[in-house]
1. Can you give the accessible area buried between chains B and A, summed over both chains, with a 1.4 Å probe, in Å² to the nearest 100?
2. Using a Förster distance of 56 Å, how high is the FRET efficiency between B:ARG72 and A:GLN10, based on the Cβ-Cβ distance and rounded to 0.05?
3. Along the charge dipole of the stretch B:6-96, Cβ charges K/R +1 and D/E -1, which of B:TRP80, B:PHE28, B:VAL39 sits furthest on the positive end?
4. Reachable lysines from B:LYS12, Cα under 28 Å, same-chain residues fewer than 8 places away excluded?
5. How much of the accessible area of the stretch B:6-96, in percent, comes from carbon and sulfur atoms when a 1.4 Å probe is used?
6. In nm, give the distance between the simple-model label positions of B:ASN87 and B:ALA34, each being 7 Å from the Cα along the Cα-to-Cβ direction.
7. Provide the packing ranking of B:165-177, B:75-87, i.e. peptides ordered by the mean count of other C-beta atoms within 10 Å per residue, highest first.
8. Just to be sure I understand the interface: list residues from the stretch B:48-74 that lose 20 Å² or more of accessible area between the chain on its own and the complete protein assembly, 1.4 Å probe.
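The values are calculated or read from the model by the stated rules, or taken from the named source; none is laboratory data. As the structure is a prediction and not an experimental result, all values here were calculated from the model. Backbone-built Cβ (ideal geometry, glycine too); neighbour counts: all protein chains shown. For accessibility, only protein heavy atoms count, side chains too; no ligands or nucleic acids. Shrake-Rupley method; radii C 1.70, N 1.55, O 1.52, S 1.80 Å.
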Amino acid sequence: MTDAEQRLDQAIEGLPRSVRPGRDLWPEIEARIMPPVRGSGYWALAAGWLLTAVGIGLLGWRLSMAPVEVSPWPDGALAAEFNLDATRLELRNELDRAVALLSPADRAALVAELDGLRAASEAVLAALREAPADALLQELAASNARRELAVMRQVTQLSHEISQRT
Amino acid sequence: MRVRRLWQTQTKPVELLQAARQGDSEAFRGLYEAHVGQVYGLCLRMTADPVEAEEFTQATFVKAHANLAKFRGDSSIKTWLHRIAVNEILMEARRKRPELLDPDSPEFTRLQQADTHGLRVDLEQAIGELPERARHVFVLRALYGFTHPEIAAALGIAVGTAKAQYHLARQRLKALFTEAADD
């Protein structure tokens with residue numbers, strides 16, 4: 001073996017076989033190997049439902065009350081604009097259709113979660129009845145009314161996505 | 001108190017593999033942490049491109065994860081990962097359809113007799129400058145312990161061709177050392 005060959009072999013022997021990449025590759029690998037989180041859309045649906053339930057409940061409560069000093073919209077106009085009863089019914093139907101697409105286990109988990117959320121919502125409404133003149137809560141009702149429209153769009157979209165996945 | 005993750009503990013590779021097969025992502029991360037250096041090193045030497053090496057390293061672990069159930073344990077995890085990495089790189093190389101350097105071609109001879117005067121003896125750089133096929137053969141043979149039949153099977157070439165490419169690579173690298181010694 002020549003001197004050059006010996007030096008080459010020594011140099012080869014001296015090369016590290018293990019080289020750490022310049023950056024952490026794990027996050028991208030993890031993102032590619034992890035399955036999509038099952039039910040994330042369902043929990044968004046549940047959260048949307050809670051917001052809508054609170055919003056509708058607050059609006060219903062707000063409309064059922066005597067006129068107060070702070071009133072963002074005329075009550076009649078508000079009720080007519082949002083057509084709350086029809087909206088609630090439509091939303092329930094939409095949610096029922098989406099829930100029907102779930103697996104039994106997911107459906108049971110969602111129903112249980114929704115029951116808990118609805119109970120919490122009712123507790124909030126009950127507390128509001130104790131302090132009906134709270135201007136901050138009225139503002140919340142108005143804010144929720146605006147949010148309601150956005151949530152309805154979200155529920156419809158999620159339902160559509162679930163239908164497409166299945 | 002910080003929770004020590006599974007991949008940070010001294011869990012044995014076999015146990016990590018078993019847990020990873022059962023869907024434990026922390027266990028798979030343990031395998032990643034244990035082997036990413038070797039896999040990246042192989043990819044870096046094969047591609048001579050850090051960015052491509054990162055991509056192939058990621059692809060290797062993604063494919064390994066998808067095929068965990070198929071790994072029978074006939075070879076070591078390291079060898080298995082190396083084969084996946086080599087396959088990933090070669091699939092891409094075939095897609096690009098590189099020219100296989102014919103040992104009888106004038107280009108082969110020219111490379112063998114290449115004037116390397118003035119080149120620095122930087123083995124990593126020199127390996128990176130080898131013709132792609134010769135580089136693949138050399139890296140697998142000299143650095144990662146593949147046999148010529150294994151290389152031939154992986155690259156889809158004859159064993160004799162693998163040996164010729166290895167010889168070419170050694171000649172070029174040896175020439176660099178010869179020139180450096182003469183300087």
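1. Working: alone 10850 and 11160 Å², together 19190 Å².
Buried: approximately 2800 Å² between A and B.
2. Numbers: r = 37 Å, r/R0 = 0.67.
My answer for the efficiency is 0.90.
3. The listed residue farthest towards the positive side: B:TRP80.
4. Candidates past the 8-residue exclusion: B:LYS63, B:LYS70, B:LYS78.
5. On the way: 2150 of 4280 Å².
Result for the stretch B:6-96: 50 percent of the exposed heavy-atom area is carbon or sulfur.
6. For the pair B:ASN87/B:ALA34, the computed spacing is 2.1 nm.
7. Details: B:165-177: 21.5, B:75-87: 18.6.
In decreasing order of mean packing, B:165-177, B:75-87 become B:165-177, B:75-87.
8. The answer is B:GLU54, B:GLN58, B:VAL62, B:HIS65 - residues whose exposure falls by at least 20 Å² when every protein chain is included.
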